[in-house]
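Here is the structure we will look at.
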């Protein structure tokens, strides 16, 4: 099945193509085997609804991840979870698990000063608006807009080009903007941006990561994984579509899938040593 919406997980063929088309990057020995994700809140949510947590089992391996097995296991669990979450009002345990999981994904830092602001690609302009706000406040001298658009969507103009044009309209000097226009995933947003910076001899040591609250954890994990240990990444959340707000996401099928897909994608990338 061809994806048409971000609430859908990639097919086996699409996931494989994503891995094959990753922007090549040298591996950092200091990051080998180091991960920036934790699945306790996701497991607690599944358990609160009586759904198996097999996808997060220690028995899964890198070889399993390469054939999409974590996504298959997760999709089956997610189908069950959607039905149960939409069947009624959450009880106390379920409500706490829902809130804890959302807070984990959206954890952020006070917006301090940095060398660069990395803006993860998106269909909406919320992230570009937040990045411009941070730039105007003097938090960093460089904006890095990323992304062509998702693999299931063809854009006449890339998300990065659109966001760059918006920033210039808002008074950001063009020379303060870098646009990475080819990537199709958050992982490649990072890898593509770093490759451009390498070519220009730029190596920021302090970053600000701008993403929607529900995918901030994934973007931060990819960025941390691809930087030297000494580098620092501050997380700053942009607004998100109201239907995916922290207090309402669990009331719709799309919202549940958007949120839970984050843990499933991160699980696959963790097993591949990419997050």
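The values are calculated or read from the model by the stated rules, or taken from the named source; none is laboratory data. Remember, it's a predicted structure, so these values are computed and weren't measured experimentally. All Cβ positions, glycine included, derive from the backbone under ideal geometry; neighbour counts span all protein chains shown.
Contact map, segment 111-136: residues that are not assigned by TED's automatic domain parsing to the domain that holds residue 153 paired with residues that are modelled with pLDDT under 95 and not in a helix (DSSP H, G or I), Cβ distance under 6 Å, separation 6+ or inter-chain. No pairs are found. Would you confirm, using the coordinates I've provided, whether residue 51 is in a loop (DSSP other than H, G, I, E, B), over 19 Å from residue 244 (Cα atoms) and in contact with a helix residue (DSSP H, G or I) (Cβ under 9 Å, 6 or more places away or on another chain)? Spelling it out, residue 51 is indeed in a loop (DSSP other than H, G, I, E, B), over 19 Å from residue 244 (Cα atoms) and in contact with a helix residue (DSSP H, G or I) (Cβ under 9 Å, 6 or more places away or on another chain). Which one of these is touching a residue at least 12 places away in the same chain (Cβ under 8 Å) and over 22 Å from residue 187 (Cα atoms): 48, 76? Selected residue: 48, the only one of 48, 76 that is touching a residue at least 12 places away in the same chain (Cβ under 8 Å) and over 22 Å from residue 187 (Cα atoms).
The number of residues in segment 21-38 being more than 19 Å from residue 186 (Cα to Cα) and either in a helix (DSSP H, G or I) or touching a helix residue (DSSP H, G or I) at 6+ places or on another chain (Cβ under 7 Å) (or both) comes to 2. Anything in segment 208-234 that is over 23 Å from residue 65 (Cα atoms) and surrounded by 22 or more Cβ atoms within 10 Å (Cβ to Cβ)? List them, or say none. The answer is 208, 209, 210, 211, 212, 213. When segment 224-254 is examined, which residues are found to be free of Cβ contacts under 8 Å to residues at least 40 places away in the same chain and within 15 Å of the chain's Cα centre (by Cα)? Scanning segment 224-254 gives 233, 244.
Taking the condition of being assigned to a loop (DSSP other than H, G, I, E, B) and surrounded by fewer than 23 Cβ atoms within 10 Å (Cβ to Cβ), how many residues in segment 137-184 meet it?
23
Does segment 102-118 contain at least one residue that is part of a helix (DSSP H, G or I) and over 30 Å from residue 138 (Cα atoms)? Within segment 102-118, none of the residues are part of a helix (DSSP H, G or I) and over 30 Å from residue 138 (Cα atoms).
Given the structure, is residue 102 buried (at least 16 other Cβ atoms within 10 Å of the Cβ) and closer than 30 Å to residue 197 by Cβ? Answer is no for this residue. Go through the residues of segment 205-222 one by one and say whether even a single one is in contact (Cβ under 8 Å) with a residue 24 or more places away in the chain, farther than 27 Å from residue 9 by Cβ and out of contact with any strand residue (DSSP E or B) (no Cβ under 6 Å at 6 or more places or on another chain). Within segment 205-222, one or more residues are in contact (Cβ under 8 Å) with a residue 24 or more places away in the chain, farther than 27 Å from residue 9 by Cβ and out of contact with any strand residue (DSSP E or B) (no Cβ under 6 Å at 6 or more places or on another chain). What is the one condition in (1) within 19 Å of the chain's Cα centre (by Cα); (2) outside any loop (DSSP other than H, G, I, E, B); (3) more than 30 Å from residue 153 (Cβ to Cβ) that residue 95 does not satisfy? Tallying (1) within 19 Å of the chain's Cα centre (by Cα); (2) outside any loop (DSSP other than H, G, I, E, B); (3) more than 30 Å from residue 153 (Cβ to Cβ), residue 95 fails exactly one: (1). Scoring residue 99 on the criteria (1) modelled with pLDDT of 95 or more; (2) in contact with a helix residue (DSSP H, G or I) (Cβ under 9 Å, 6 or more places away or on another chain); (3) not assigned by TED's automatic domain parsing to the domain that holds residue 213 leaves a single failure, condition (2).
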